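First comes the structure, then the notes that go with it.
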Amino acid sequence: MLNQRSSSSKGNLRVRVLLFENQPLLVEALTGLLEQLNDDMEIVLARDADELSREVGQDRSCELAFLGLPALGEQSVQTIRLMRRSASACKLVLFCDCTDRSRIKQCYAEGVDGIIPRDADRDIVLAATRLVLAGGQYLPPEVFAPGNDSRDQADEFDGSDEYRLTPQQRK
């Protein structure tokens, strides 16, 4: 497990981020992006499920868990449940390839605060992560796009005021 620390004298509070990713290039890219969020950032890297379990089992708090999951399957749901049991106060962001509405809905129901597609550009990753850290939630716009399953399934997300999008947000 690798701890990377960045610090400065600007007086921001230290933000502790648990980064779960095993692809070396993505680790490097995500570390660089996440460090842009705060001048005093601690990034703790877990490259596999055993390291992730050990880290969350140490009962050290983190403000954000950024989970790189290539696909959203049953193993992903188990990882989310582990995080919610062990680090319930931690904001949870999935960085994944999936835009399947039913899988995203399942992850959202398990307590995920944000789902960012792996093909999102850096500005989207930063903005979505800032939103989650500020207490908001982020779902990819593709979830609400016409043609991504039937319109009836889309209404599962935007059928209540909590998920209702304005016409501008749908663009």
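Taking N as the number of residues in the stretch 34-79, what is its Cα Rg relative to 2.2 N^0.38 Å? Write out the running numbers ahead of the final one.
Details: Rg = 12.1 Å, N = 46, 2.2 N^0.38 = 9.4 Å.
Relative to the 2.2 N^0.38 Å estimate, the stretch 34-79 comes out at 1.29.
Which of the peptides 35-45, 132-142 is most tightly packed, and how do the rest follow, judged by the mean count of other Cβ atoms within 10 Å per residue?
35-45, 132-142
Looking only at Cα atoms, what is the convex hull volume of the stretch 90-135 per residue, in Å³?
Working: hull volume 2.9 nm³, N = 46.
Roughly 64 Å³ of hull volume per residue.
Ignoring ligands, DNA and RNA, please state the percent of accessible area on the stretch 17-77 from carbon and sulfur, probe 1.4 Å.
48 percent
The values are calculated or read from the model by the stated rules, or taken from the named source; none is laboratory data. Fair warning: this is a prediction, and the values are worked out from it, not measured in the lab. As a convention, Cβ positions derive from the backbone with ideal geometry for all residues, glycine included, and neighbour counts pool all protein chains shown. Side chains included, ligands, DNA and RNA excluded: accessible areas come from the protein's heavy atoms. Shrake-Rupley method; radii C 1.70, N 1.55, O 1.52, S 1.80 Å.
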